[in-house]
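Written out below as structure tokens is the structure these notes cover.
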Amino acid sequence: MRTIEKKIFQEAIKQALIEMNHELSPAFISRLASAKETETGTVSKTILDDILQNHEIARKGTFPLCQDTGMVVVFADVGQEVYFSFDFESTLNEAVAEAYAEGYLRKSIVDDPIHRRNSETNTPAITHIRLVPGDQLRLRIAAKGGGSENMSTVRMLKPNDGLEGVRQETLKAIKNAGGRPCPPLIVGIGLGGNLEKSALLAKEAILRDIDDKNPDPELAQFEQQLETEINELDVGPMGVGGETTCLAVKVNTFPTHIAMLPFALNLQCHAARHREVVL
Ligand code: SF4
């Protein structure tokens, strides 16, 4: 067994959360910069420039890159040979609370969906824990904004709907969403499994590296085609119109039931905050 110490675990989470609220991945920034170069509309080009400038200011450390500093989501792949010398969930939430206090990040979580009192700590985080072989802990950590999450959806399609049905549902949802999810977007699509699994697949899809390629050639081509078609919808940056509605489409799949084609769409706004940590 390999022991993971509480302090190392907490520091890794705190550092990841404070960093991601100030700095996006170089690959994501590079996509935004390329989009600004090719965008032809005056207003849409200015918006992309504003977003890039905003990210540059945030990178210097004083201000987070958005006032909505997100709900924390953690996918933890726990090696079966890992031993924790602490309570996993409560320690993780302590780390989140410390990160949001020390980083002067807005606390956006209410402790009950009806009574809606602010928990004052930005906790609890949403955790998805999986046991895997080995002696390492892989954490994929995200700070997910509410605006883009609100425009996400789950639908149970018919098996015969196939990729064409997925295409139509996706285009319809993004057109209807307009500027509300704060485009340009990463569009995460989960296909297969069941109701809840499809939503998890879509969430994991938005955490993929922006430059990666789907290992399935048919899906890789579908992702590319859908990206092109989404950018032809004229939603544009922040919904002002233009050619840059999304920067990437990612499709993740899982086996499913013969009678089902679960489809989930998770939208990631231009504040695409996530980090991967391996301990
Ligand atoms: S959707 Fe994203 S960019 Fe828009 S307010 Fe929320 S976190 Fe910020």
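The values are calculated or read from the model by the stated rules, or taken from the named source; none is laboratory data. Predicted model, so just to flag it, every value in this text is computed and none were measured. Glycine gets a Cβ as well: all are built from the backbone with ideal geometry, and neighbour counts include every protein chain shown. To get the accessible areas, we keep the full protein, side chains included, count just its heavy atoms, and leave off ligands, DNA and RNA. Shrake-Rupley method; radii C 1.70, N 1.55, O 1.52, S 1.80 Å.
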Sorted by chain and number, the residues with a modelled amide H under 5 Å from that of ARG106, at a separation of 5 or more or across chains, are THR69
Taking only protein heavy atoms and a 1.4 Å probe, the highest-to-lowest accessible-area order of ARG167, ARG155 is ARG155, ARG167
Which residues qualify? For HIS128, with a placed amide H closer than 5 Å and at least 5 residues away or on another chain, they are VAL74, PHE75, ALA76
Counting only DSSP beta bridges with both partners in the chain, the antiparallel fraction in percent, to the nearest 5, comes to 55 percent
A chain fully extended from THR121 to THR62 at 0.36 nm per residue, minus the present Cα-Cα distance, gains in nm 19.2 nm
Helix-only [θ] at 222 nm, the chain, -39500 (n - 2.57) per DSSP H run of 4+, per residue, nearest 500, equals -12500 deg cm²/dmol
Two pseudo-spin positions, 7 Å from Cα along C-beta at LEU171 and at GLU218, lie apart in nanometres by 2.0 nm
Rounded to the nearest Å, the spacing of the alpha-carbon centers of region 1-52 and region 224-275 is 18 Å
Charge tally for neighbours of ALA143 with beta carbon under 11 Å away, counting Lys, Arg as +1 and Asp, Glu as -1, is +2
The pairs in LYS175/LYS203; LYS144/LYS197; LYS60/LYS250; LYS36/LYS107; LYS158/LYS250; LYS175/LYS213 lying past 23 Å Cα-Cα in this model are LYS60/LYS250; LYS36/LYS107; LYS175/LYS213
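For region 146-272, what proportion of DSSP beta bridges, expressed in % and rounded to the nearest 5, is antiparallel?
55 percent
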Contact order relative to length for region 146-272, counting C-alpha pairs under 8 Å separated by 6 or more residues, stands in percent at 45 percent
Heavy-atom accessible area of VAL278, protein chains in place, probe 1.4 angstrom, given in Å² to nearest 10, is 80 Å²
Once phi for every residue in region 209-221 is put through the Karplus expression 6.51 cos²θ - 1.76 cosθ + 1.60 (θ = phi - 60°), the whole-Hz ³J(HN,Hα) values, with Gly and Pro written as x, are 4, 4, 8, 6, 10, 4, x, 8, x, 5, 6, 4, 5
Rounded to two decimals, the Rg over Rh value of region 146-272 from Cα coordinates and the Kirkwood Rh reads 0.94
Residue-ordered couplings for region 111-123, obtained by feeding phi - 60° into the Karplus form 6.51 cos²θ - 1.76 cosθ + 1.60 and rounding to whole Hz (Gly and Pro as x), are 7, 7, x, 9, 7, 6, 8, 5, 6, 6, 10, 6, 10
Ranked output for segments 13-22, 264-273, 203-212 by mean other Cβ atoms within 10 Å, highest leading, reads 264-273, 13-22, 203-212
Here, the chain modelled as identical Cα point scatterers in vacuum has Debye log10 I(q)/I(0) at q = 0.16 Å⁻¹ of -1.31
PRE zone check, label point 7 Å out along Cα-to-Cβ of THR3, amide N under 17 Å, scope region 85-103, hits 85-88
